[in-house]
Amino acid sequence: MTIAENFPNDAGLRFEDTSLASEGPAAKKTESAQGFFGKHSPGGSPAKKRRQAGPLSRRLLVTVMPTVLTPLILASAIGYKVVSDKAKADVINLLQEDSFLASEATANFVNDLMKVPGLLAVDPQITQALRSSEAVVAEQKLTQLPQDRLEAQFSATRFLQPNTNLNNYLKNISAQSGLQSLLVTNRYGFNVASDTQPDTFVHSAEDWWQDAQANGVAVEETVLDEATGEKRLGIARSILAPGTEEFLGIVEVKVSSATLHDRVRDFIEKDLYKSQRVQLIDPDAGTVLDTIQPTDSGLSEAELTAELDSVVGGENILQMARDMNAVVEDGSQSDEAIKTTLENKYPEIHRVEVESFESTTGKFIEVTFELGDKDFSISTIPNVPWVAIASMNAEEINTAGRDLLKVFSATGLVLGGAAVGILILLARQLSKPLASLSVTAEQVAAGNLDVVAEEQGTIETLTLGYSFNNLLTKVNQLIKEQKIIAEEQQQRREELESEVESLMSNIEGAVDGDLTVRAQLMAGEVGIVADLFNAVIENLHDIAKEVKKSSGQVTGSLTENEAAIRSLAEEAIHEALEVQKSLDSVKSMSQSIEEVAKNAIQASAISNTAFTTVQAGNQVMNQTVESIQGLRATIGDTAKKMKRLGESAQKISQVVALIDELALKTNLLSINASVEAARAGELGQGFTAVAEQVGALAEQSAAATKEISKIVTSIQSETQELVAAMETGTAQVVDSTNLVETTKERLAEVLERSQEIDQLMQSISASTTAQAETAQGVTKVMNQMAFASELRSSSSREVAEAMHSTAEVAQKLKASVEQFKV
């Protein structure tokens with residue numbers, strides 16, 4: 001038998017002819033070079049890897065370009081962010097500046113306007129005219145007349161005392177100050193002087209007049225002058241007597257809103273952005289005092305005209321302006337508190353900033369915020385309930401940021417292009433020496449080990465070229481050494497094959513089961529294998545003997561015990577059937593005991609109910625005895641009272657007899673008196689009448705006495721009958737009492753017997769319940785025994801089957817061991 005037949009390839013031992021002796025030196029050299037540079041490269045062929053890697057110049061661009069462009073992009077983005085934020089901050093500052101300038105200009109305008117009433121308040125001509133008007137009012141008693149009558153009385157001139165000189169004086173002041181009207185009223189609201197013809201004579205009922213009287217200064221609501229089409233602003237101030245501060249009257253001045261517009265426009269010198277607006281509004285009245293628009297807004301004339309009377313931002317801005325005026329009047333809140341209040345009340349506003357500051361005209365509060373698509377800056381105006389609002393569309397602010405983004409993007413693209421060009425040039429210069437070295441390496445990989453790399457470029461590429469040349473030299477030396485080693489390995493392999501062939505011929509019999517063969521021992525590795533084989537064969541020889549002996553014993557033992565095991569299984573099955581029958585009987589008994597327990601419980605309940613009923617009857621009987629005894633006592637008391645009533649009737653009869661006797665005597669007395677009166681003649685006639693009346697009264701008394709006697713007699717008779725009846729009832733009550741007492745004693749005996757029966761039934765019920773529980777426990781135990789018996793029966797069957805299978809396995813094992821030769 002050959003080696004290949006005894007040890008096939010899939011057994012793990014393979015012999016290949018790897019000899020290099022038949023190849024020439026050039027072929028060996030080429031193959032060694034290819035193995036060194038190409039075959040041992042993991043992950044695929046070198047050409048495929050080169051295609052995947054790409055040229056060095058491209059790798060340099062891919063690696064270095066992000067490093068160069070990323071800082072450039074970040075710098076551009078940061079620059080854009082910084083400049084954009086700066087531009088937006090500049091716009092916000094511009095809005096703050098415009099709102100403040102508008103507030104400052106309006107405050108100065110109002111202060112200048114207030115100077116006119118201030119000068120008139122101390123003008124002697126005005127104070128003299130006011131004093132004179134008071135004398136006229138007192139002389140004509142005008143304060144007692146109603147307003148409509150006063151208007152009718154002074155409808156021709158509408159002045160209390162027309163004074164042309166004073167009116168002309170006011171006209172001059174109005175013309176010099178640029179006012180539309182100037183009016184002076186006395187302390188009663190009557191016109192004293194004016195630069196124009198007033199519309200009414202009495203002003204004391206008007207709000208501005210009352211506010212000026214109460215507060216010293218009043219700002220009127222803006223009204224539209226229909227004649228000129230312009231809005232008029234009115235301010236009133238009280239006139240006080242110098243030294244005494246006595247109220248003399250009020251001065252009212254009115255000015256066109258165009259004058260205010262020019263003043264504010266002069267303060268805001270620069271032109272506005274397209275969407276930028278500056279407005280002066282009266283929040284309380286909800287009206288626009290003035291609107292400043294840019295020169296080039298991009299809107300039509302109609303749209304610009306519509307903007308003049310509408311508040312930018314709508315009702316939210318008006319309400320916020322009212323809140324700011326309220327804060328100014330309060331004067332106690334800090335900037336942070338104002339900011340918190342506004343943010344809580346108006347959640348739709350964002351980026352809120354609040355700043356308070358003082359100027360020569362008074363205290364300002366400026367609030368900057370973002371609402372919707374607009375940015376706002378609102379400033380209060382000192383001394384008047386107006387506010388200045390500067391607003392601008394956020395889109396226009398963002399447009400400037402987008403322009404900056406374009407500039408930065410273009411700059412970044414130019415710088416990025418220049419950086420890419422420089423990187424490409426540098427990559428080419430750096431990759432040229434490496435490309436040359438790569439070509440040389442490919443020639444070496446192809447088998448040409450005689451080439452030499454050109455050393456050029458930077459110090460790194462020079463070093464790389466020098467190292468590559470040294471590597472080629474060492475590779476050539478290694479190839480020579482490899483050739484010598486290969487020849488030695490070939491000789492050793494031939495010797496090893498000869499020894500293995502000898503070993504295989506010695507142990508061929510073991511393949512057929514012959515455990516008596518032994519391998520010939522020799523030196524070297526094959527000798528070690530032969531020794532190991534002999535040891536294994538010895539062990540197999542001993543094991544085969546033991547297995548053959550044991551399998552015989554097991555087969556015999558199983559054959560002997562198989563009948564006994566089958567008998568045991570049949571007995572276990574019979575036992576399980578008997579236990580099942582016993583279980584059915586116990587279950588039937590348990591059900592009967594449970595039924596008895598239920599009946600005992602019902603009987604106990606019925607007995608308990610009967611005992612309760614008897615107890616209740618006994619209590620009712622006790623109550624009946626007590627009631628009869630009470631009736632007996634009541635009847636006895638009633639009999640005693642009836643006897644006393646009879647005795648009282650007897651006494652009444654005696655008293656009636658006495659009254660009857662007195663009536664008889666009185667009648668006799670009246671008769672005697674009549675006789676004596678008749679003897680007396682005319683003198684006794686009056687006495688005769690009295691005697692007759694006394695006689696009649698005596699007869700009536702006698703009749704009444706007889707009637708009372710009859711009634712008393714009837715009462716006595718009925719009382720005696722009632723006393724007899726009550727004595728009979730008393731006797732009956734005594735008999736009933738005796739009967740009830742006897743019944744009570746019998747009920748007490750029944751109660752005792754019922755209690756004994758109830759206790760006995762409860763004891764029976766408890767016993768039957770305990771028996772039912774015991775029966776359930778027995779049933780449970782029998783169930784467990786039945787289950788255990790079934791398990792034993794099943795286990796016996798399984799053991800019998802397992803013993804039979806074991807016997808079959810022992811027979812097969814014995815047959816298998818018989819193949820070995822020992």
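The values are calculated or read from the model by the stated rules, or taken from the named source; none is laboratory data. Because the structure is predicted, anything quoted here is derived from the model rather than measured. All Cβ positions, even for glycine, are placed from backbone atoms using ideal geometry, and neighbour counts span all protein chains on display. Surface areas here come from the heavy atoms of the whole protein model, side chains and all, with no ligands, DNA or RNA. Shrake-Rupley method; radii C 1.70, N 1.55, O 1.52, S 1.80 Å.
For this structure, a couple of remarks:
- The conditions of being open to solvent by less than 40 Å² (accessible area, probe 1.4 Å), modelled with pLDDT under 75 and more than 60 Å from the chain's Cα centre (by Cα) are not met by Ser767.
- In segment 271-298, the residues that are assigned by the TED database to the domain that holds Arg322 form Cβ pairs under 9 Å with partners that are at pLDDT below 80 and open to solvent by less than 10 Å² (accessible area, probe 1.4 Å), at six or more places apart or across chains, as follows: Val278/Ile268; Ile292/Ile268.
- Segment 220-239 residues that are in contact (Cβ under 8 Å) with a residue 12 or more places away in the chain and open to solvent by 80 Å² or more (accessible area, probe 1.4 Å), paired with ones that are among the aromatic types (Phe, Trp, Tyr) and part of a loop (DSSP other than H, G, I, E, B) (beta carbon under 7 Å, 6 or more apart): none
- Within segment 320-338, residues that are within 16 Å of Val387 (Cα to Cα) sit with their Cβ atoms under 8 Å from residues that are in a loop (DSSP other than H, G, I, E, B) and open to solvent by less than 30 Å² (accessible area, probe 1.4 Å), at 6+ positions apart or across chains, in these pairs: Met320/Tyr346; Ala321/Pro283; Arg322/Pro283; Asn325/Pro283.
A quick yes/no check of all residues on (1) modelled with pLDDT of 85 or more; (2) more than 41 Å from the chain's Cα centre (by Cα):
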| site | (1), (2) |
| --- | --- |
| Ser356 | yes, no |
| Thr360 | no, yes |
| Pro385 | yes, yes |
| Ile397 | no, no |
| Ala400 | no, yes |
| Asp403 | no, yes |
| Gly416 | no, yes |
| Ala435 | no, yes |
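- Some residue of segment 112-124 being surrounded by 15 or more Cβ atoms within 10 Å (Cβ to Cβ), assigned by the TED database to the domain that holds Ala212, of a type in the set (Val, Ile, Thr) and more than 26 Å from Asp282 (Cβ to Cβ): no
- Some residue of segment 138-149 being closer than 28 Å to Thr228 by Cβ and either within 60 Å of the chain's Cα centre (by Cα) or open to solvent by 30 Å² or more (accessible area, probe 1.4 Å) (or both): no
- Set Val694, Val625, Val690, Val655: member being under 30 Å from Leu751 (Cα atoms), assigned to a helix (DSSP H, G or I) and of a type in the set (A, V, I, L, M, F, W, C): Val625
- Of everything listed in (1) surrounded by 14 or more Cβ atoms within 10 Å (Cβ to Cβ); (2) free of Cβ contacts under 8 Å to residues at least 60 places away in the same chain, the single unmet condition for Thr634 is (1).
- Taken as a whole, the structure leaves Ala725 outside the set of residues that are part of a helix (DSSP H, G or I), over 60 Å from the mean Cα position of the chain (by Cα) and farther than 30 Å from Arg632 by Cα.
- Only listed residue being closer than 30 Å to Ser194 by Cα, of a type outside the set (D, E, K, R) and modelled with pLDDT under 85, chosen from Leu260, Leu240: Leu260
- Subset of segment 132-158 [hydroxyl-bearing (Ser, Thr, Tyr) and in a helix (DSSP H, G or I)]: Ser132, Ser133, Thr143
- Residues in segment 522-535 that are modelled with pLDDT of 70 or more and either loosely packed, with under 12 Cβ neighbours inside 10 Å or of a type in the set (Asp, Glu) (or both): Asp531, Leu532, Ala535.
- Only one of Asp735, Asp758 that is crowded, with 17+ Cβ neighbours inside 10 Å, modelled with pLDDT of 70 or more and acidic (Asp, Glu): Asp758
- Enumeration of residues in segment 246-260 that are surrounded by 20 or more Cβ atoms within 10 Å (Cβ to Cβ), over 60 Å from the mean Cα position of the chain (by Cα) and among the hydrophobic types (A, V, I, L, M, F, W, C): Leu248, Ile250, Val251, Val253
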